Structure formats: structure tokens, C-alpha cells
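Contents: one structure, followed by commentary.
The values are calculated or read from the model by the stated rules, or taken from the named source; none is laboratory data. Small disclaimer: the values here were computed from a predicted structure and weren't measured. Cβ coordinates were reconstructed from backbone atoms using ideal geometry, including for glycine residues, and neighbour counts include every protein chain displayed.
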Amino acid sequence: MSSISQNFTQEGKTQLMSLKNFTLTLFVTLSILIASLSGCERINQVIQPDTPTTPMEATLKIGVIQPSNTFTTFSQGAEAARAQINEKGGLRNIRLQAARSIDMQVEFISRNNQPVASEPPTPEASVSAAKELIESENVFALLGPVYSTNSVEVGPIAQQAQRLMLSGSSGSNVPAVGDYIFLITVPNPFQGKVMAGFAMNPDELGAKTAAAIYEEGDVYSTDLVQAFEAAFQEIGGEIVHKGTYAVGDTAFSTLLTEIHTQNPDVIFCPSFLPEVPLLINEARKIGITATFLGGSAWDDRVRFLSVLDDNSVLDGSYYPTNFSVATQDAAVQEFVEGYMALYDSPPDGIAASGYDAMRLLALAIETAGSLDPVAVRDAFAAVNGYKGATTISHYDENRHPVKSLAIQTIRGGQVEFYKIVEP
């Protein structure tokens with residue numbers, strides 16, 4: 001081979017080796033760059049707070065735990081608030097990163113905690129719903145549950161995850177688990193005190209004796225009966241009988257016969273449908289004439305009044321609620337109009353709780369100006385002079401709202417407003 005050919009071959013080999021080296025260098029560089037970017041993403045995920053939004057998302061996800069077939073106006077009230085907030089531009093000036101604020105729309109993600117429509121919602125289904133909403137959907141806060149028996153089980157989950165839980169229930173011990181758990185409706189201690197005073201007031205019922213009935217194992221009715229008893233006895237009344245029934249009972253003859261022999265002036269029975277209307281109907285049939293008093297659970301009024309064919313046996317009964325459609329306040333009327341526009345029916349106290357839960361959450365987020373859970377929690381606890389579907393003066397040390405109570409009565413088989421009682 002000539003020297004020229006040898007030189008050409010050598011030069012080609014050198015160029016080929018250079019090309020291979022360049023290709024290898026480029027591959028390594030790109031691999032390092034990709035790994036570096038992936039690593040940055042992972043690091044970013046670790047150091048960024050676990051919030052349900054990023055600057056690219058202008059939607060805040062809120063979880064709603066709602067039974068499919070009872071107290072359904074809770075989520076409807078919340079939806080009325082959500083619609084009003086979004087129509088006005090959403091949550092305003094929420095800071096997600098340094099020196100950057102955005103407006104955010106509110107999105108609801110709902111889960112049913114009532115596996116069997118004809119039975120009450122269960123703690124197990126409520127816990128499962130809460131875990132799914134927090135862990136899978138990464139919601140910012142929870143609205144609900146409604147039943148205190150379910151709320152006391154969900155509370156620890158929300159507290160551990162640092163998610164605000166705005167319960168639709170009134171059990172005094174629901175918020176005891178931690179500082180992220182708040183009541184919205186009138187708490188049981190105030191309900192019990194008001195109804196005891198109303199029963200004994202000589203200008204009202206003038207009662208001196210009372211019997212109490214509650215649902216066996218139910219946190220709400222047990223708590224409320226205890227509050228009523230304590231207040232009734234404190235102001236000189238006598239509890240002459242105390243009894244229970246079980247979920248699903250349709251006959252109450254033994255319990256009612258025992259009460260009948262004691263002849264109380266009033267019977268405090270603050271539990272749920274369908275048992276309560278059935279119990280009152282049976283009481284009237286055996287000749288009990290005592291005035292029946294209920295709790296806020298009676299205010300699932302459409303369903304409550306649909307249990308019996310003839311609601312006249314309920315006439316003359318009284319129960320408390322945290323809302324009255326008769327209140328002539330601009331904020332109340334805004335709620336009523338928004339609700340009526342969506343559902344074409346007047347709201348009840350359960351709807352008012354759902355509405356206020358969402359409005360109060362929005363207020364706390366905007367006050368905090370961020371989605372920092374501690375800042376939002378602190379802003380919620382500091383609520384003062386709130387006016388929405390109801391008026392909340394402030395929250396006490398137990399995270400109970402300090403607010404007025406409306407007493408309703410049943411006349412002609414229909415619910416009527418009776419009076420307002422201030423805290």
C-alpha cells in the first residue's frame with residue numbers, strides 16, 4: 001500500500017474515533033441533563049408544601065362528605081355558596097409563590113358515606129371517604145360529615161393531615177380532637193340550654209317535669225340529651241324518665257308506656273327520622289299529651305314531614321335550628337335567593353350550615369392570602385362578626401360558633417318560624 005493510501009486510512013480512522021467520542025460525550029451530557037431535570041422535579045416535589053394546586057392550576061379542590069339520602073341540603077347549601085364565589089371571580093389574590101398571587105375557582109369533589117340509602121350513613125364509609133378525598137384527591141379541606149357519630153371518626157384523619165374539617169354536625173366533642181376541626185351549626189350545649197329554658201319558661205310551656213329519649217349509641221342525640229338534662233335540672237326541673245331506642249325500630253310501646261305512667265309535661269326527643277315521627281305518632285295513639293321537643297336533626301324537614309301520612313300528630317312540637325328564612329337580613333336573603341335559584345325550594349338549617357361552611361372557608365383563605373394550612377386555620381379561628389346564612393359572633397376556645405338559635409314549631413303539619421334566641 002502506498003504512503004498516500006496509508007495516510008488517508010489513518011486520517012479516516014482518526015476522524016471516526018473523534019466522531020465516536022463526540023457522540024459518546026453528547027449522550028452522557030444529555031443523560032446527565034435529563035437526570036438532573038428529573039431530580040429537580042423530585043426535589044421540588046419534596047420541598048414544596050403538599051397543596052392541591054400549583055401556579056398553573058387556578059382551581060382549589062374541596063372535599064364534600066355527603067350522605068346520598070339524608071340531610072342532602074347540606075351539600076346543596078355549600079353548592080349555592082360555591083356558585084356565588086365562582087361567579088364573582090373565585091377566591092381572590094391567593095399567593096402561591098413569592099410575589100405572585102392569582103384568583104382561584106372552587107371545585108367540589110364529593111363522596112357518599114351512606115352505603116345503604118334506607119340506613120344512616122356509617123362511620124366506616126365516612127372514614128373511607130375522608131381518606132380517599134385527602135390521599136387520592138388531595139383536597140384542601142373537608143365540608144362535613146353531617147352526623148356527629150361520623151364526624152368524631154373523621155376528625156382525627158383531618159387533624160393528622162392538617163386539613164380543615166368544617167363539620168355539619170353539632171356534637172360538642174367533635175372538635176375536641178384538634179385545632180383543624182370546627183363546628184358550623186349551633187353546638188349541642190347551647191341547643192340543650194335554650195330548649196330547657198324554653199320548656200320551663202312560664203310564658204312559653206311552663207314545664208316542671210320532662211322525659212328524655214335518645215338513639216342508642218348515637219353521639220349527637222346522647223350529647224344533646226345530656227345538655228338538656230343538665231340545664232333543665234339546673235333551673236329547677238325534674239327529669240322523670242330517660243330511655244333509648246335503636247336505629248330501625250318501628251314500635252316503641254314499652255318505652256312509651258313507661259313514660260306515660262310518669263306523665264311528664266314535655267318529652268325531649270332530639271333524634272332522627274324515620275324513628276322520631278313514628279314514635280310521636282305512637283305516643284299520641286296511647287294517650288300521651290306531653291309537648292314534644294326536638295333538636296336540629298329535625299330540620300331535615302322535607303324528609304321529616306314525609307314519614308307519616310298525617311302530620312297533624314306532630315302539631316304543637318318545637319325544635320331548634322341555626323337558621324330562619326324569616327330573617328330579613330341582606331346576607332340571609334343573598335343565601336336564600338342563591339339557593340332558590342339553584343333548587344327552586346326554600347333552604348333549611350342544614351342548607352345554611354353547608355352554605356356558611358363554604359363561605360367561612362373562603363373568607364379564611366382570602367384573609368390568610370395563601371393556602372398555608374396553619375395561616376388558614378388561624379384565620380378561621382379568628383372569625384369575628386361573620387354574616388352569611390347565619391350570623392356568627394366568634395368562635396370560642398372549643399371551636400364552637402357563638403351564634404343565635406331559631407325555634408321552629410309545627411302547625412297544620414307544616415314547619416313555622418316561632419322565635420329567635422340570642423346567645
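Within the group Ala231, Ala212, which residue is free of Cβ contacts under 8 Å to residues at least 40 places away in the same chain and buried (at least 17 other Cβ atoms within 10 Å of the Cβ)? After ruling out the rest, the residue left standing is Ala231. Is it fair to say Ala389 is in the same structural domain as Leu96 (by TED's automatic domain parsing), buried (at least 23 other Cβ atoms within 10 Å of the Cβ), touching a residue at least 12 places away in the same chain (Cβ under 8 Å) and not in a helix (DSSP H, G or I)? Considered against the rule, which asks whether it is in the same structural domain as Leu96 (by TED's automatic domain parsing), buried (at least 23 other Cβ atoms within 10 Å of the Cβ), touching a residue at least 12 places away in the same chain (Cβ under 8 Å) and not in a helix (DSSP H, G or I), Ala389 comes out as yes. Of the helices (runs of 4 or more DSSP H) that lie entirely inside the range 296-369, those containing 1 or more residues that are surrounded by 17 or more Cβ atoms within 10 Å (Cβ to Cβ) and assigned by TED's automatic domain parsing to the domain that holds Ala80 span 330-343, 349-368.
Scoring Phe252 on the criteria (1) aromatic (Phe, Trp, Tyr); (2) within 22 Å of Ser172 (Cβ to Cβ); (3) surrounded by fewer than 22 Cβ atoms within 10 Å (Cβ to Cβ) leaves a single failure, condition (2).
Is at least one residue of the range 238-251 touching a residue at least 12 places away in the same chain (Cβ under 8 Å), touching a His at 6+ places or on another chain (Cβ under 9 Å) and closer than 26 Å to Gln408 by Cβ? No: zero hits. Just one residue in the set Arg284, Arg301 is at pLDDT 95 or above and not aromatic (Phe, Trp, Tyr); that residue is Arg284. Residues that are assigned to a strand (DSSP E or B), modelled with pLDDT under 95 and surrounded by 20 or more Cβ atoms within 10 Å (Cβ to Cβ): does the range 88-101 have at least one? Checked against the condition, which is being assigned to a strand (DSSP E or B), modelled with pLDDT under 95 and surrounded by 20 or more Cβ atoms within 10 Å (Cβ to Cβ), the range 88-101 yields at least one hit. Only one entry of Tyr180, Tyr147 meets the criterion of being over 20 Å from Ala351 (Cβ atoms) and buried (at least 24 other Cβ atoms within 10 Å of the Cβ), and that entry is Tyr180. Tell me yes or no: at least one residue of the range 280-294 is in contact (Cβ under 8 Å) with a residue 60 or more places away in the chain, under 23 Å from Pro120 (Cβ atoms) and not aromatic (Phe, Trp, Tyr). Yes; the residues of the range 280-294 include at least one that is in contact (Cβ under 8 Å) with a residue 60 or more places away in the chain, under 23 Å from Pro120 (Cβ atoms) and not aromatic (Phe, Trp, Tyr). Scan the range 197-250 for residues that are within 21 Å of Ile288 (Cα to Cα) and hydroxyl-bearing (Ser, Thr, Tyr) and the total you get is 5.
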